Number of protein chains: 2
Amino acid sequence: MADGPPRQGEVTVLDVPEVTVSARHKGFPFAALGRLATDVSGTLDDFLTPILVLKNAPLRHNLATMARFCAEHALSLAPHVKTTMSPEIASAQLEHGVWALTLATPSQVRTFRELGAQRVVLANELVDPQAIAWLGAELTENADFTCYCYVDSFDGIDVLEKELPPGGRPLPVLLELGVEGGRAGVRDLGLLPSLAERVRSSAVLELAGVGGFEGIIAGGLNAGLLADVREYLRRLRDVADELLAGFEGEFVVTVGGSAFPELVAEELGPRWQRNRPVRVVLRSGCYVTHDSLAYQDFRRLMSTEYRALPLRPSLELWGRVLSCPEPGLAILDFGKRDTGVDAGFPVPLHRIRRDGSEVEPAPPGELTALNDQHAYFRGELTVGDRVGFGISHPCTTFDKWRLFPAVDDAYHVCGMVQTLF
Amino acid sequence: MADGPPRQGEVTVLDVPEVTVSARHKGFPFAALGRLATDVSGTLDDFLTPILVLKNAPLRHNLATMARFCAEHALSLAPHVKTTMSPEIASAQLEHGVWALTLATPSQVRTFRELGAQRVVLANELVDPQAIAWLGAELTENADFTCYCYVDSFDGIDVLEKELPPGGRPLPVLLELGVEGGRAGVRDLGLLPSLAERVRSSAVLELAGVGGFEGIIAGGLNAGLLADVREYLRRLRDVADELLAGFEGEFVVTVGGSAFPELVAEELGPRWQRNRPVRVVLRSGCYVTHDSLAYQDFRRLMSTEYRALPLRPSLELWGRVLSCPEPGLAILDFGKRDTGVDAGFPVPLHRIRRDGSEVEPAPPGELTALNDQHAYFRGELTVGDRVGFGISHPCTTFDKWRLFPAVDDAYHVCGMVQTLF
């Protein structure tokens, strides 16, 4: 590995592609068409609706807050970039000293590798033959590139062995620990030693640690859920303890999600690490923009037992009232094409009246349905009013936008966010 | 309007953008990176998973079937292009003699106007000041361009009048008739004559007809729903009858959706048209690719009372088994980032076994959940198996892909589909 991969805290700047604004970038001002995105100025008033905006101050707050939290608790951050798939936001994360970028699919790894990502956690089993062959070659040809992936079965190991080029640099793999009724990952702890042995015996694989995802644990938002997550993290800790015996080099223990970072710090923080050669890697993705509903609810839950990380929602979707066809019903100009609805509908925050530009609080009311391109607001609005909504679940909102502006507190454009879905 | 807009049946070829395949085009073969999309060859086996494919034969069948249906029933087709936002598919629709392209938002109109669309139905209220000013200028400066939009309120008319440039070519508007509990559109029929009069008295607007959307009518998949749709179409017909009295020129009556075209033909077909100056415009969008569940259910419902239009599903999402962590549970490598789930989960159709290339029927089983990037299949599969799924609701699947291949029956690439979301 020549000089070794860059250490935590080193800045790896991504090669952010230039993008020219075109007619296909929904919401952009007509005056911006044909210009470089980075040259677009103006305010929210200059954009068509619907338009998504990223508020810069809460984004910066979240970046700094999570960096501080990880430093305090001896956690390495490998933010899940599948949330945003944004080179600008991933670059900001790298500038905040993250250890690696996490991605979910081989196509995503390829995208960020092309931008210059040097250390990647593919938080997933890798089974696609073409992707395995590519990754094997990429590792062998680039000493400064590292990519971890998961394994959870002998079948999966067979596939990796079959496709990895012999004699190349071994692929570092993490044993995934799942939960009953959950997603991937080993259920039977008794299987882990033999899986580990199988990896160790492979010439093309390297056992690098264990991984899991506490965010997959289902349950109501109450103390019982926190107890279940704690129990899972302890199981993962025990697994790591066992595999660590006789292990040489750095052993990665990675968990993820933006719901329970405080529990991760408690169960896998400095007290457990005790100068052992472990690197505990947190893969939170949604923390960076946070949201106004689903992840906000987790913050509230955490605050019942912890000094909860004070993340701030930074995404706002602005729409306009097209029609008030019945008393107390307003139809707005955005829909499922513009925001995720899988974790609740967007939450009304602000209103700008027709012909106005003053940002007021939204009137009482809520969205009750969304079609592809329309939203149904129950409450008192007027045709032409604009309403700014906080979104729920950043992942399924980012993938609805190719390009959108970052704005300051006065809604002046102060940056651009592209996504590479 | 100089020579007038092109007549139905004239071919308007769109300016389909060239696209170079890059790392960000998920699923594309490594060998395709850097090449023009139109130069990509190969088969399904050459693509990474997940990958969406459009089967060419059923697409062509649907294009021809709908063209024949509209010709038989004296309907003009203005396919809703918001479904696909694809210049390739919209071009194929234009080549099949459609009368106009329908779009849902000003940003979408702008996108297709840039590609050369000449007649557009914006099946929506138009309230965005910047978009109104642009459209007014576009109409005035381009005699061969037409764009209709909806109005359903005096407020909405006020906004249009305020923003349209005085002295320009009038904007043709359609009065939208809604349904109680539905989306936009006038509820109180008594309001229509005064709205029509208000439009007629405007120097910048032109009353061009009426529009509605029978697809918004809620109900179980039974005869009662069909009766409600028929009732709505008759109400729209009565409204048109009334407004037609004393009308000069062509009067547009437009309804939409891909669920009930047979009912539209029955209620608004040649018998009603009787050589009057009406153009009945069907705005179906999903017909062109059809699907394997939601719209397929509507076909089944229609066939209880009609010789239903025999549309064929053409979209397949192929994924790969990453993990079989519990007996009878397989985790695949696609999720909500790759397919719509708002009208049901994808339906398993085919399987290709690991190391194989023969397409077999999928084993018994079904998807029971989807995360952002994972799917849960309950049934017997093996790590590495690929499974092809039919999707439900094309609109929310198209917007998950920037570029994907069209394939022939043997899954050889025979074209490319880009989307401009």
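At a glance:
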| read-out | value |
| --- | --- |
| Breaking point among (1) on the phi > 0 side of the Ramachandran plot; (2) open to solvent by 10 Å² or more (accessible area, probe 1.4 Å), for B:Met85 | (2) |
| Given (1) under 26 Å from B:Arg299 (Cα atoms); (2) modelled with pLDDT under 95, index of the condition B:Leu189 fails | (1) |
| Check on B:Arg378, of a type in the set (Lys, Arg) and under 23 Å from the mean Cα position of the chain (by Cα) | no |
| Unmet requirement for B:Ser357, which otherwise passes all of (1) within 24 Å of the chain's Cα centre (by Cα); (2) among the hydroxyl-bearing types (Ser, Thr, Tyr); (3) within 30 Å of A:Leu160 (Cβ to Cβ) | (1) |
| Residue in region B:145-156 that is surrounded by the fewest Cβ atoms within 10 Å (Cβ to Cβ), counting only those that are more than 8 Å from chain A (Cβ to nearest Cβ) and touching a residue at least 40 places away in the same chain (Cβ under 8 Å) | B:Phe154 |
| Within region A:185-199, tally of residues that are open to solvent by less than 10 Å² (accessible area, probe 1.4 Å) and not in a helix (DSSP H, G or I) | 2 |
| Unique match (being outside any strand (DSSP E or B), open to solvent by less than 10 Å² (accessible area, probe 1.4 Å), touching a strand residue (DSSP E or B) at 6+ places or on another chain (Cβ under 8 Å) and touching a residue at least 40 places away in the same chain (Cβ under 8 Å)) among A:Val387, A:Val417, A:Val383 | A:Val383 |
| Breaking point among (1) within 20 Å of A:Val278 (Cβ to Cβ); (2) open to solvent by 40 Å² or more (accessible area, probe 1.4 Å), for A:Ala203 | (1) |
| Members of region B:339-362 that are out of contact with any strand residue (DSSP E or B) (no Cβ under 6 Å at 6 or more places or on another chain) and either open to solvent by less than 30 Å² (accessible area, probe 1.4 Å) or without any contact (Cβ under 8 Å) to a residue 60 or more places away in the chain (or both) | B:Gly340, B:Asp342, B:Ala343, B:Gly344, B:Arg353, B:Arg354, B:Asp355, B:Gly356, B:Glu358, B:Pro361 |
| Top-ranked residue in region B:44-71 [being assigned to a loop (DSSP other than H, G, I, E, B) and in contact with an Asp or Glu (Cβ under 7 Å, 6 or more places away or on another chain); ranked as surrounded by the fewest Cβ atoms within 10 Å (Cβ to Cβ)] | B:Leu48 |
| Enumeration of residues in region B:324-338 that are open to solvent by less than 10 Å² (accessible area, probe 1.4 Å) and either acidic (Asp, Glu) or at pLDDT below 95 (or both) | B:Asp338 |
| Residue count for region A:20-40, restricted to those that are crowded, with 18+ Cβ neighbours inside 10 Å and aliphatic (A, V, I, L, M) | 5 |
| Region B:118-144: number of residues that are closer than 17 Å to B:Thr254 by Cβ, more than 10 Å from chain A (Cβ to nearest Cβ) and touching a helix residue (DSSP H, G or I) at 6+ places or on another chain (Cβ under 8 Å) | 2 |
| Elements of type helices (runs of 4 or more DSSP H) contained in region B:72-178, each with 1 or more residues being over 25 Å from A:His25 (Cα atoms) and in the same structural domain as B:Val210 (by TED's automatic domain parsing) | B:154-163 |
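The values are calculated or read from the model by the stated rules, or taken from the named source; none is laboratory data. For clarity, every value in this text was computed on a predicted model and none was experimentally measured. Counting neighbours? That spans all protein chains shown, and the Cβs are built from the backbone with ideal geometry, glycine included. To get the accessible areas, we keep the full protein, side chains included, count just its heavy atoms, and leave off ligands, DNA and RNA. Shrake-Rupley method; radii C 1.70, N 1.55, O 1.52, S 1.80 Å.
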